[in-house]
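**Student:** Can you read through this structure? Questions will come right after.
Every number in this text was worked out from the coordinates using simple rules, so none of it is lab data. Just so it is clear, the model here is predicted, and its values are computed rather than measured. We place every Cβ from the backbone using ideal geometry, glycine too, and count neighbours over all the protein chains shown.
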Amino acid sequence: MEARIDEKGKFFTPRITKDAVTAFVRTPGKVIVGSVYVRPGNRLTDELNSDPSAFLPITDARVYRADDESFLLQTSFLLAAYRDILLISELDALATVRDVPWSDPSAEPAPLIREDEDMGVHVNARGKYFTVRTPKDAILCAVGGGNLAVLGYLYVRPDRRLKDELNDEQARYLPMTDARVFRVSDNTLLYHASFLLIGRQAIDLVAPVDMMNSASDVPWLPVRSTEESA
């Protein structure tokens, strides 16, 4: 799988040259297939056991529900919480014992944001919720944790990557704006807050929406479904 670079070079500019390894990642609620990165000369074991970060970056990732292995989303970049990873393996190391949906991937060349959905940041009359003390870039993200999914804006300082913000151990809670909280089991919208704080330790997956190529048709992913046409 080929790593991509966005127009700012923000997410995929590596600080240390690494080799891409196509991996199978299993968490309690998801199956993720995508590229993880290993320093030349290191094994996957060495890389994962020496990484002090809380989140593992994965590029060109396809995500499936663990219970029925149905397709959830495809994205150029996401971050998976290490503490939730139950199993991880190089994909080539898995023997074919049954048909699995990720054995025949379909790729979409461009993001497919819903055209009928206004996902812009909204500022109230006093600018109370959206005035930031440090200039930051707003990134629309889908954030998963347990049976909740949150769609809203996370903030990244210009000299940092999203990974850096999430791995900041001093940040117990991450601010989100224009945040819509859904219950995943029945896709019910529970809350819509102009500002909330989300516990970093409760997050199991973060995916920037503008990195997504395709997704299942659920309200907390503002991406047009391509499953029927695939």
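**Student:** Rank the residues ILE85, ILE58 as a footprinting-exposure proxy: fewest other Cβ atoms within 10 Å of their Cβ go first.
**Tutor:** Placing the least packed residue first, the sequence is ILE85, ILE58.
**Student:** I've got another one for you. Taking the Cα centre of segment 19-103 as the origin, how large is its charge dipole in debye, to the nearest 20, when only Lys and Arg (+1) and Asp and Glu (-1) carry charge on their Cβ atoms?
**Tutor:** With only Lys, Arg, Asp and Glu charged at Cβ, the dipole is about 140 debye.
**Student:** To continue, here is another question. Within 10 Å of each residue's Cβ, count the other Cβ atoms and sort PHE55, PHE71 from fewest upward.
**Tutor:** On the way: PHE55 23, PHE71 19.
Fewest-to-most ranking of PHE55, PHE71: PHE71, PHE55.
**Student:** How would you rank 22-28, 189-195, highest first, on the average number of other Cβ atoms within 10 Å across their residues?
**Tutor:** On the way: 22-28: 17.4, 189-195: 13.1.
Ranked from most to least packed, the peptides come out as 22-28, 189-195.
**Student:** Something else about it: How much length, in nm to one decimal, is gained on full extension between ARG39 and GLN170, taken as 0.36 nm per residue of separation minus their Cα-Cα distance?
**Tutor:** 44.5 nm
**Student:** Could you calculate the contour length gain from VAL218 to ASP46, that is, 0.36 nm times the residue separation minus the distance between their Cα atoms, to one decimal place in nm?
**Tutor:** 58.2 nm
**Student:** Could you give the distance between the Cα centres of segment 20-76 and segment 186-219, to the whole Å?
**Tutor:** About 19 Å separates the Cα centre of segment 20-76 from the one of segment 186-219.
**Student:** When you count, for each residue, the other Cβ atoms within 10 Å and take the mean per peptide, how do 73-83, 93-103, 37-47, 198-208 rank with the highest first? Don't skip to the answer; put the middle values down first.
**Tutor:** Values: 73-83: 23.0, 93-103: 9.9, 37-47: 13.5, 198-208: 19.5.
Ranked from most to least packed, the peptides come out as 73-83, 198-208, 37-47, 93-103.
**Student:** What is segment 19-103's relative contact order, in percent, from Cα pairs under 8 angstrom and six or more apart in sequence?
**Tutor:** The value is 34 percent.
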